[in-house]
Amino acid sequence: MNNKTGLSLVSLQTSAEVLEFSKSWYRKTGTYPNFELSYQTDKQYLKDIASIKGNVLSAHAPCPGGEYLPNLGSRDLSVIQDSLVSIRKSAETVASFGGSILVLHAGYTLDSPVFTRYVKRKQVLEEYEKQSSYLWLKEGSICKPIYVNSDEYKIHMDETLKNLKQAADICIDMDVKLAVENLNPRLTYLFQMPEDFIRLTKEIDNIFICIDIGHLWISSLVHNFDFFKALHMLALTNRVVSVHIHDNKSISGIIPYYSDDHDSIGTGNVPVRESLAIMVKNSSAIFIVEAASDPLNNLEMLNNMLDVQN
């Protein structure tokens, strides 16, 4: 087992599945797997998987999960306060499991709370779409490329960066690195562009980056930037501490398809192997499988690809 690789718990829905996966991986490799705690883990789930303490590399906020996702882009003080409380609890959780990285979807172009449950979040998003001139493709709620240059995007990005300074301080006090994740080009999502992270690292000293290569792939297609140049740009900040690995079938062209599928490695169009080569050479990041299914094979594929790189 590569001690820099792990599995997100998004593909394991119950504590029993986590424990069985650990046993299966041990039988296969002679070592126990590492994990990233997901935003879907509640307090009871965390209690039930206490045996994996020491084998947790990171967590994805909010952890334990709550009704809302953190939204540091809001101009509503109560939303910001609730978000900071959630980030603090998440940092405490990952530290208690022995991990040192907290991954965060940092903010949205919304002042309202953002629901954790997808069904409720989708309802809010659909209402937002009706009033927005920036929706490009309804399937996937894909924004127009000009969205990232809009006043709406810039205003909420400013708010997010302002509030991230306090969030980063909260985490550093617990020896946890707060890693902002790049998001796909969906309406209301911030941090769609590589340049957003250049600004982030210039304005905040104790902040880090989680590169999601599936999200970056979709953003590169919609916003028409070079995927590999973006990877290099992000790596050269020396702030990349985590990389999320999964695949999707997104493609541009006459009939574009953009979807954050979180498919298994090698089943889509994301250049996973080439991405790993760049990140191994230019960073000391951990690598987390975030595919939605087939965790055993995906983690094995990731480790095999990294073994070739080393």
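For the range 125-159, how many residues are of a type outside the set (S, T, N, Q), touching a helix residue (DSSP H, G or I) at 6+ places or on another chain (Cβ under 9 Å) and under 15 Å from Leu110 (Cβ atoms)?
Residues that pass the stated criteria total 8.
Residues are listed down the side, and each one gets a yes or a no for (1) hydrophobic (A, V, I, L, M, F, W, C); (2) farther than 19 Å from Thr188 by Cα:
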site: Ser78; (1), (2): no, yes
site: Glu92; (1), (2): no, yes
site: Gly99; (1), (2): no, yes
site: Leu102; (1), (2): yes, yes
site: Ala106; (1), (2): yes, no
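Of the residues Ala106, Ala91, which single one is in contact with a helix residue (DSSP H, G or I) (Cβ under 6 Å, 6 or more places away or on another chain), in a helix (DSSP H, G or I) and not basic (Lys, Arg)?
The match here is Ala91.
Only one residue in Ile245, Ile255, Ile251 is surrounded by fewer than 16 Cβ atoms within 10 Å (Cβ to Cβ) and touching a Leu at 6+ places or on another chain (Cβ under 9 Å), so which one is that?
Values: Ile245 fails: surrounded by fewer than 16 Cβ atoms within 10 Å (Cβ to Cβ); Ile255 fails: touching a Leu at 6+ places or on another chain (Cβ under 9 Å).
On inspection, the qualifying residue turns out to be Ile251.
Can you confirm whether the range 61-69 contains a residue that is closer than 18 Å to Gly6 by Cβ and in contact with a Ser or Thr (Cβ under 7 Å, 6 or more places away or on another chain)?
Looking through the range 61-69, at least one residue is closer than 18 Å to Gly6 by Cβ and in contact with a Ser or Thr (Cβ under 7 Å, 6 or more places away or on another chain).
So, in the range 115-132, how many residues would count as being among the β-branched types (Val, Ile, Thr) and surrounded by 11 or more Cβ atoms within 10 Å (Cβ to Cβ)?
The qualifying residues number 2.
Between a first residue in the range 277-306 that is among the basic types (Lys, Arg) and a second residue that is surrounded by 23 or more Cβ atoms within 10 Å (Cβ to Cβ), which pairs have beta carbons less than 9 Å apart while being 6 or more apart in sequence or on different chains?
none
Would you be able to tell me the number of residues in the range 277-310 that are small (Gly, Ala, Ser), in contact with an Asp or Glu (Cβ under 9 Å, 6 or more places away or on another chain) and crowded, with 19+ Cβ neighbours inside 10 Å?
Quick first cut of the range 277-310, residues small (Gly, Ala, Ser) only: 277, 283-285, 291-293.
With the extra rule that they be in contact with an Asp or Glu (Cβ under 9 Å, 6 or more places away or on another chain), the set shrinks to 291-293.
Next, from what is left, pick out any that are crowded, with 19+ Cβ neighbours inside 10 Å: 291.
Number satisfying all stated conditions: 1.
Just to be sure, is Glu274 among the charged types (D, E, K, R), over 15 Å from the mean Cα position of the chain (by Cα) and more than 14 Å from Leu7 (Cα to Cα)? Don't jump to the end; show me each part of the working.
Details: among the charged types (D, E, K, R): yes; over 15 Å from the mean Cα position of the chain (by Cα): yes; more than 14 Å from Leu7 (Cα to Cα): yes.
Criteria met by Glu274.
Condition check ((1) part of a strand (DSSP E or B); (2) at pLDDT below 95; (3) among the hydrophobic types (A, V, I, L, M, F, W, C); (4) surrounded by 20 or more Cβ atoms within 10 Å (Cβ to Cβ)) across all residues:
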{"residue": "Glu17", "(1), (2), (3), (4)": "no, no, no, no"}
{"residue": "Lys23", "(1), (2), (3), (4)": "no, no, no, no"}
{"residue": "Tyr26", "(1), (2), (3), (4)": "no, no, no, no"}
{"residue": "Pro33", "(1), (2), (3), (4)": "no, no, no, yes"}
{"residue": "Gln40", "(1), (2), (3), (4)": "no, yes, no, no"}
{"residue": "Ser51", "(1), (2), (3), (4)": "no, no, no, no"}
{"residue": "Ala59", "(1), (2), (3), (4)": "yes, no, yes, yes"}
{"residue": "Pro62", "(1), (2), (3), (4)": "no, no, no, yes"}
{"residue": "Asn71", "(1), (2), (3), (4)": "no, no, no, yes"}
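Out of Tyr32, Tyr118, which single residue is among the aromatic types (Phe, Trp, Tyr) and free of Cβ contacts under 8 Å to residues at least 12 places away in the same chain?
Just one listed residue meets the conditions, Tyr118.
Please go through the range 112-132 and give me each residue that is hydroxyl-bearing (Ser, Thr, Tyr), part of a helix (DSSP H, G or I) and under 20 Å from the mean Cα position of the chain (by Cα), ordered by number.
Result: Tyr118, single match.
Looking only at the range 186-233, how many residues end up being closer than 16 Å to Gly73 by Cβ and not hydrophobic (A, V, I, L, M, F, W, C)?
Residues flagged as closer than 16 Å to Gly73 by Cβ and not hydrophobic (A, V, I, L, M, F, W, C) within the range 186-233 amount to 7.
If I go through the range 227-265 residue by residue, how many of them are of a type in the set (Phe, Trp, Tyr) and over 21 Å from Cys143 (Cβ atoms)?
Total satisfying the criteria: 1.
Test Gly99 against the stated conditions and say whether it is touching a strand residue (DSSP E or B) at 6+ places or on another chain (Cβ under 8 Å) and under 30 Å from Ser252 (Cβ atoms).
No, not satisfied.
Let's see how each residue does on (1) at pLDDT below 95; (2) loosely packed, with under 15 Cβ neighbours inside 10 Å; (3) more than 19 Å from the chain's Cα centre (by Cα):
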| position | (1), (2), (3) |
| --- | --- |
| Tyr134 | no, no, yes |
| Gly140 | yes, no, no |
| Leu164 | no, no, no |
| Leu178 | no, no, no |
| Glu181 | no, no, no |
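The values are calculated or read from the model by the stated rules, or taken from the named source; none is laboratory data. It should be emphasised that the depicted structure is a prediction, and the values quoted were computed from it without experimental measurement. Here the Cβ is made from the backbone with ideal geometry for all residues, glycine too, and neighbour counts use every protein chain on show.
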